[in-house]
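The values are calculated or read from the model by the stated rules, or taken from the named source; none is laboratory data. Fair warning: this is a prediction, and the values are worked out from it, not measured in the lab. Virtual Cβ from ideal backbone geometry, glycine too; neighbours counted across all protein chains shown.
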Amino acid sequence: MARLELTGEQRDAAYAAGNVLVRAGAGSGKTEVLAQRFVALLAGDIAGREPLAPERIAAITFTEKATADMRRRIVEVLDDRIAREGDAARRAALVRARRTLGLARISTIHAFCAGMLREYPIEAGVDPGFEVLDEYQSMTFLEGQCRDSIADAVRGEKPGAIRLVGARGLYGFTHQMGAIEVLLKLIGDAARLGRSHDWIRPSAETTAALLRAFGAEIPALRAQLIELVGKLLATRGIGGNAKQDLDALRVIWPGLRRAIEKFSADSEPSDLEALSALDAELPAKQNQTIKGMLAEIDEVIKNLCQSYGAYRAAPATLEVAALAADIAAELERRKREERVVTFDDLLIFANRLLHQHPEVALRYRRTLGALLVDEYQDTDPIQDGVVRLLTEHGAPAPELFVVGDEKQSIYRFRGADVTVFNRPREPLAILPRPLCENRRSLPAIVDFVNSVSAHSMRPDGDPDGKPYKVKWSEEHRLQAIRLAGDAPAVELIVGPNGQDADGAKRSARAARRIEADAIARHSAISRCCCAHSATSRSMRTPSRGPACRVIPSKVAAFTAARK
Ligand SMILES: Nc1ncnc2c1ncn2[C@@H]1O[C@H](COP(=O)(O)OP(=O)(O)OP(=O)(O)O)[C@@H](O)[C@H]1O
Ligand SMILES: [Mg+2]
């Protein structure tokens, strides 16, 4: 008996001709379709295509676990295909492909890029014997080196280090990143833009010039504020509380006015007190006659503070950039010395290699017959760049087969960018009929996921803005194929709302902690669990009895008791 029969829609996707993008929901069979595509390419089952040898196919995804799953499925599909093949010659070819399957590039995108650097170390500018640091080792290495460099810079009285560590500490506080994280992010962002440490200083100078320009706006804003307050105080016929507030303001206005007239880009931060004092004395915006004037005054005060802040940020920008540039150069030196390549470097260097050495790109474009990518929603622009450099701009180029689900794009913190997945691209046909049947989960879970997605991803009436926002449409609705069981399928753990005991807003970090603790406690007694942060009070799911109930909460976790 066949290992698994593809449905019509899966078959259409797996055997579609040309470059294909399959966008479909969770558990709808995307990875299965990709594995079937891989074997169809080996077997020559795709119309108009000769069979491809394993070494001419690359199948990549993002985690080791997903890679292992993909590899296992490819092997299973191939074994099944061999068992079903009746023609002796074709069977022999498939058995040969099975024997040499190890030559196929079935790997994470990081390992795929590492392979290119090993093949072309000279062109890539890396030590031929480089050691790859995995994600955790890279983080430890970079944090350790950065901490040492910051300590040296503080001892050397470098202004950027003193300012940054003074303001944020080395490791940061609950609500803000520390000096190490800020600097590594800055250095990492520059590298991801393909820039070396030499670029950080001049680019900061451009930013500083823009920030300084805000200072020139202060005199006009100041004059506008004085004029608006003058007009407000001259307004007659105001009664009630507003009258009392205006009378009080009239008394202190001459002093405030003098202070505001003197306020300039070079004033001390304490001089901002005149603006706060004015703000505090303004009447509440209830009186219709002066409501518009008060809103204008608010706006001008806000602009004044922002212009002042931006102007004052210019020197700090230059100092911190100088520190970042020095540390970036030091990190490069240490990496060369220790002959290591960090996890991010693998992608950045491979991208640079293909970009700067078209002859290398051409060789891969010729030798690779097909490139398959799973979980494409997790791509960042650098990874997408590697795929594009290999597949765009006409022949020769491997055929591209991409699967993913924009609703599952969850690696923003690692740089994944869902706009990359959603961006229209020239060589890809987007399949008109996405897969919509879910075979993995019980109906109550599928219903629940449909409701949560439809609610939290509902379109906001702005079709063009926020390209990063995933918008729900009916084609995202999954249909459950498994039969409903009688045991509960979804359980909700409800946590406290978004405020702590004093009514203060709880930080996302604190809320995550509470959620993680609740899930950890609960998972000790349940078989598996997943979590979701419910952010709305109006969320509802279709009623499924006690198995599926949503309780409004800012922090809610639910467990899928039975998948
Ligand atoms: N035609 C089919 N018949 C039976 N089972 C199937 C079929 N297609 C997929 N499945 C099973 O459904 C489950 C989900 O499939 P798969 O993992 O390929 O989905 P996916 O879309 O890649 O999910 P995810 O979005 O989580 O990556 C797997 O257990 C798979 O074996
Ligand atoms: Mg999958």
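Do we have Val75 as in a strand (DSSP E or B) and either hydrophobic (A, V, I, L, M, F, W, C) or away from ligand 1 (no atom under 14 Å from the Cβ) (or both) here?
So Val75 does not fit the description; no.
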If we only count helices (runs of 4 or more DSSP H) wholly inside region 100-179, which ones have 2 or more residues that are more than 23 Å from the chain's Cα centre (by Cα) and over 29 Å from Ser507 (Cβ atoms)? 109-119, 121-124, 135-155
Quick check on my filter: what residues within region 371-382 are surrounded by 22 or more Cβ atoms within 10 Å (Cβ to Cβ) and more than 16 Å from ligand 2 (Cβ to nearest atom)? Leu371, Ile382
Only listed residue being out of contact with any strand residue (DSSP E or B) (no Cβ under 9 Å at 6 or more places or on another chain) and closer than 30 Å to Ser473 by Cβ, chosen from Ala40, Ala83, Ala53: Ala40
From Glu50, Glu55, Glu32, grab the single residue that is out of contact with any Pro (no Cβ under 6 Å at 6 or more places or on another chain), within 10 Å of ligand 1 (Cβ to nearest atom) and not hydroxyl-bearing (Ser, Thr, Tyr). Glu32
Could you check, for region 385-393, whether at least one of its residues is within 16 Å of ligand 1 (Cβ to nearest atom) and either over 12 Å from the mean Cα position of the chain (by Cα) or not aromatic (Phe, Trp, Tyr) (or both)? no
Within the group Ala24, Ala43, Ala17, which residue is over 14 Å from Ile481 (Cα atoms), without any contact (Cβ under 8 Å) to a residue 40 or more places away in the chain and of a type outside the set (Asp, Glu)? Ala17
Please go through region 189-204 and give me each residue that is in contact with a helix residue (DSSP H, G or I) (Cβ under 7 Å, 6 or more places away or on another chain) and not in a loop (DSSP other than H, G, I, E, B), ordered by number. Ala190, Ala191, Arg192, His197, Trp199, Ile200, Arg201, Ala204
Can we say Glu227 is loosely packed, with under 13 Cβ neighbours inside 10 Å and either assigned by TED's automatic domain parsing to the domain that holds Thr207 or closer than 30 Å to Thr207 by Cα (or both)? yes
Residues in region 29-55 that are within 15 Å of ligand 2 (Cβ to nearest atom) and either outside any helix (DSSP H, G or I) or not assigned by TED's automatic domain parsing to the domain that holds Asp69 (or both) total 1
Which is out of contact with any Leu (no Cβ under 8 Å at 6 or more places or on another chain), under 24 Å from Cys146 (Cβ atoms) and surrounded by fewer than 17 Cβ atoms within 10 Å (Cβ to Cβ), of Arg352, Arg333? Arg333
Of the criteria (1) within 15 Å of ligand 1 (Cβ to nearest atom); (2) closer than 30 Å to Ser409 by Cα, which one Gly18 fails: (1)
Within region 383-392, how many residues are part of a loop (DSSP other than H, G, I, E, B) and crowded, with 21+ Cβ neighbours inside 10 Å? 0
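One line per residue, one yes/no per condition, for (1) in a loop (DSSP other than H, G, I, E, B); (2) away from ligand 1 (no atom under 16 Å from the Cβ):
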{"residue": "Val360", "(1), (2)": "no, yes"}
{"residue": "Arg366", "(1), (2)": "no, yes"}
{"residue": "Pro396", "(1), (2)": "yes, yes"}
{"residue": "Val446", "(1), (2)": "no, no"}
If you go through region 58-72 one residue at a time, how many are surrounded by fewer than 21 Cβ atoms within 10 Å (Cβ to Cβ), more than 13 Å from ligand 1 (Cβ to nearest atom) and over 12 Å from Thr31 (Cβ atoms)? 1
So, Ala26, is that one at pLDDT below 95 and within 13 Å of ligand 2 (Cβ to nearest atom) or not? yes
Just the residues that are farther than 28 Å from Ala209 by Cβ, in contact with a Lys or Arg (Cβ under 9 Å, 6 or more places away or on another chain) and surrounded by fewer than 19 Cβ atoms within 10 Å (Cβ to Cβ), please, taken from region 263-291. Lys285, Lys291
Go through (1) crowded, with 16+ Cβ neighbours inside 10 Å; (2) over 38 Å from the mean Cα position of the chain (by Cα) for Val300 and report which single condition fails. (2)
